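Enquirer: Quick one: the structure is below, questions incoming.
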Amino acid sequence: MIRFPSPTGTLSFFHSEHHFSKLFPSCIRIPTSTGIPFPDVARVGCIMGSCGSCENCKQDLENYCPKMLWTYNGQYEDGTRAFGGYSDKFVVEEHFVVRIPNDIPLAGAAPQLCAGITVYSPLKYFGLVPQPSSDKHLGVVGLRGIGHMAVKFAKAFGARVTVISSSPSKEKEAVERLGADSFLISHDHEKLAAALGTMDGIIDTVSASRSLLPLIGLLKTSRKLVLVGAPVEPSELPVFPLIMGRKVIASSAIRGMKETQEIIDFAANTTPKTLSDNGKKPF
Ligand SMILES: [Zn+2]
């Protein structure tokens, strides 16, 4: 267990940050059980606890543990609530602390612990990462926080990326700033028709209910539409076009601590050109 103080107001909403030795020399530092020295900077991501013994926890899927504790508004066993970045003191098990290498700007690391891992994990798990011998054309639906990350990671993995958005004004940002290869307006039926059956996978980041039929149509046979946005109202899911193309609807939500650390290490070792839109490492 690590206990460290942090003044009110210095923590972000989800991604509390702590400069152990530089800013808080009085904090208690307990060596890890592995003997690995703890870094000067650590962050807490979306989750800060789980049971540690269920099937999910044993497979590094703490995010799907029935007793998973959200960093913000999670409920402890005694009924009290976690206040996340609004807390003036933070107690968290060492297992749920993410190491931040010194060469990653903290402002850039924060979104990776939520929006970043939300797309990084399904890109890998659902086989959407291009292999050396194969090209992949991926669609990213929506270009807000999670969509930004989806484009950056898909490009970093070497995929061809088409951004699909209802806002024509997003095209310049998608192509010129984020490096997307093409842009589709979701209500441009003519261009959607021209793109039918061209995509190897789609990450849908939109949190608004609508028909999923146009996205299913963009997929090649046997490919996957991965939902990471969470509409309150149910979306319309036509089954017939799924059956006729053996297409798959999948979903994903953040990920456990092992892969959350992996995404930070990946960003630290990825060249600035592929992950940055301002020439600075990494996001
Ligand atoms: Zn568990």
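Enquirer: Using a 1.4 Å probe on the protein heavy atoms only, what accessible surface does Glu173 show? Give it in Å² to the nearest 10.
Expert: Accessible area, nearest 10 Å²: 50 Å².
Enquirer: Could you sort the peptides 198-205, 147-154 by per-residue average Cβ neighbour count (10 Å cutoff), highest mean leading?
Expert: The most tightly packed comes first, giving 147-154, 198-205.
Enquirer: Now for a separate question. Please label the shape of region 192-235 as rounded, prolate or oblate, based on the square roots a ≥ b ≥ c of the eigenvalues of the alpha-carbon gyration tensor (a/c under 1.5 means rounded; beyond that, a/b larger than b/c means prolate, else oblate).
Expert: prolate
Enquirer: Which order do you get for Tyr125, Tyr120, Tyr76 if you rank them by accessible area with a 1.4 Å probe, largest at the top?
Expert: Correct descending sequence by accessible area is Tyr125, Tyr76, Tyr120.
Enquirer: With a 1.4 Å probe and all protein chains kept in place, how much accessible area does Ile216 have, in Å² rounded to the nearest 10?
Expert: Looks like 0 Å² after rounding.
Enquirer: Keeping the other protein chains in place, figure out the carbon and sulfur percent of the accessible area of region 119-251, with a 1.4 Å probe.
Expert: Roughly 56 percent, rounded to a whole number.
Enquirer: Take the Cα atoms of region 119-251, build their convex hull, and give its volume per residue in Å³.
Expert: It comes to 99 Å³ per residue, whole-number rounded.
Enquirer: Sorting Glu259, Glu190, Glu94, Glu236 by accessible area (1.4 Å probe), largest first, what list results?
Expert: Largest to smallest exposure gives the sequence Glu190, Glu236, Glu94, Glu259.
Enquirer: Can you work out the accessible area per residue across region 119-251, with the rest of the protein chains kept in place, probe 1.4 Å, in square angstrom?
Expert: 49 Å²
Enquirer: At 1.4 Å probe size, what's the solvent-accessible area of His95? Round to the nearest 10 Å².
Expert: 100 Å²
The values are calculated or read from the model by the stated rules, or taken from the named source; none is laboratory data. The structure displayed is predicted, hence computed values, not measured ones. Heads up, the Cβs are rebuilt from the backbone with ideal geometry, glycines too, and the neighbour counts pull from every protein chain shown. These area figures cover heavy atoms from the full protein model, side chains too; ligands, DNA and RNA do not enter into them. Shrake-Rupley method; radii C 1.70, N 1.55, O 1.52, S 1.80 Å.
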